[in-house]
1. Over all directions, average the projected area of the Cα convex hull of region A:4-201 and note it in nm².
2. Arrange A:T118, B:T206, B:T270 by Cβ neighbour counts within 10 Å, fewest through most, would you?
3. Neighbour counts of other C-beta atoms within 10 Å: give me B:V133, A:V275 arranged from fewest to most.
4. Counting partner chain Cβ atoms within 10 Å of every residue's Cβ in A:76-84, what's the average?
5. Please report the spacing between the Cα centers of region A:45-69 and region B:140-212 in Å, no decimals.
6. Got the relative contact order for region B:112-177 handy, in percent, Cα pairs under 8 Å and 6 or more residues apart?
7. Please compute the Kirkwood hydrodynamic radius of region B:73-232 from all pairs of different C-alpha atoms, in Å with one decimal.
8. What is the dipole size for chain A, taken about its Cα centre, with +1 at each Lys and Arg Cβ and -1 at each Asp and Glu Cβ, in debye to the nearest 20?
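Computed from the coordinates by the stated procedures, all read-outs in this text should not be read as laboratory data. These figures come from a predicted structure and were not determined experimentally. So basically every Cβ, Gly included, is an ideal-geometry build from the backbone, and we count neighbours across all protein chains shown.
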Amino acid sequence: MKNVFVYCEVTEEKRIAEVSLELLSKGRKLAETLGVKLEAVVLTDQAGDTLDTIQEFGVDVIHLAESKELFPYRTLPHFRVVHTIFEKEQPEIALFGATSVGRDLAPRIASALRCGLTADCTSLEIGDHVDNKTGKEYKNMLYQIRPAFGGNIIATIVNPETRPQMATVREGVMKLEKADKKKIAEIKNYKVEEILKPEDMVISIIERHIEPQKVNLKGAGIIVSGGYGVGSKENFKLLYDLAAVLGGEVAATRAAVDAGYAEHERQVGQTGVTVRPKLYIACGISGAVQHRAGMDQSAKIISINTDPNAPINAIADYAVTGDLMEVLPKMIAYYKKYSK
Amino acid sequence: MEKIKILVLAKQVPDTRNVGKDAMKDDGTVNRGALPAIYNPDDLNALEMALEAKDRLGNAEVYVLTMGPTRAAEIIRESIYRGADKGYLLTDRKFAGSDTLATSYAISQAVRKIDPDLIFCGLQAIDGDTAQVGPQTAEKVDFPQVTYVEKLVEISPNQITLKRRLERGVETVVAPIPALITVHGSANPCRARNVKRVMQYKHARTLTELKEENRENSELFKDRPYLKIEEWSVDTIQADDTHLGLSGSPTKVKTIDNVVLAQKENVVLTSSDADVEELMVDLLKSRVIG
């Protein structure tokens, strides 16, 4: 059995993306269970501090490719290098963040390697599998668990016959955990100019506007979140007021973001961020399954909705039936009164 | 000069975004069979972008390819009503049980037969939610790919300029033609049906549909050949059986669990002063806040 590989995405700020560090954390555990090594793949122009960061996660080998052609991300150069590395190294498992990079790159790699890829996994485990038709037994398979059908079912997927077993995972799903002891990794460098072909350079980036990350939803202990029911960007100010008073952060559903009430980086849900705060206050959120997937592990949930039968009420600890425009100011007033 | 061939890959999907009371079983799980079949939302955005490309190029045609059972012919008709020129239904029992690798293989074989210059498809479908078929098809036909595309900025016979919507911003890229483009749900919504085209094409059928309507001997296709929706099978696209269906799918579903919406024990409150006060006092007392 070969090793667990994690593709490490490099951010605009030239750091390793959080989702990649979360996958290194999980990858280390999978590698330990299987008794194999954890290997990282980094493609960038200049590695800088990123190697130090990666080594805090118990990585045994870092495959490093440095070239100006590799930053910012473009499909074909990254595909060519990663494909070359995977063909040579024959990973047992390969993990990618389910980001616009990972969801662009991983499928193309899987197609070229003719292997199985499961997208947006919410859980990864090691277990055994028996093929119903042939009766053949497979040991130590990667169980790739994910919601499907709009989130109405949870499927466990396995790749018995093909390697690597590939999966993409969204940010916030796996816990970020550094290794107990920092390990010095073996670094394998690649001569990128010998790997890339002219046809890999056919797409050029002519403009790029990436906003600095302003919001840290995953780290927020209290989240005040608004849905389509908030009604407008102006009304969202009330959520900011409550969040400020409670010392929390503001989030939104996909519907609210699509309607322009809040920025994309505040989106919680299956296609946004997964959060686990100690308190999640859902304002005017109906609670579609895709949204619940991103917040249903919150320790305490309050729902404020004019609809007493909103699906989110089923998972709320407190279901307040009323207009958030009335309820939120009262919450602020009572908090100020009693918290002194 | 030959017309530029633009192909749209579209899928008919169950409407998983609007699971109403009627689709919920008593045990709290979804009755998948009860969900209506719709045009995958991202694919409608892709169709619109293809039509915009056709408008701008002037000398182009838009074809639609859909893979599915007989009733997926509805996708072809709907695409034609919106402005597509022609469509193909890729249909065969041997496709059943295909994962994204097997699906992209079948589609790539059909693409080879159609030989398009440009391919548009939605970023992802609302049943599988994988976003994999687009890039996997691109790899198989050796087209460069641009994903998460929100806007068609410019197009000429040799290259296309596209704006991508990323998590924290936007990026504008220039790609050569041919290329495969996956379209984000934030792109322009699809234009409405054209009434004249509806009148002209509402009788368009596949041969199988005519058989199901007991009209296989009708003169429909003889009189109006443009009403025939072509059906392509495994043989038509010269696909290798071993790459299709369950045997061609490296991913296997081990188990499926239904998500049960179970009611949690909760405290129900009104928006009255007394209730909100009780809520805040509770939260402060239990140290959730403050």
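1. Average projection, Cα convex hull of region A:4-201: 11.5 nm².
2. Least to most surrounded, the residues fall as B:T270, B:T206, A:T118.
3. A:V275, B:V133
4. Rounded to a whole number, the mean comes out at 1.
5. If we compute the Cα centre of each part, the gap is 37 Å.
6. Dividing the mean separation by the residue count of region B:112-177 yields 21 percent.
7. With all distinct Cα pairs of region B:73-232 included, I get 17.6 Å.
8. Roughly 680 debye for chain A.
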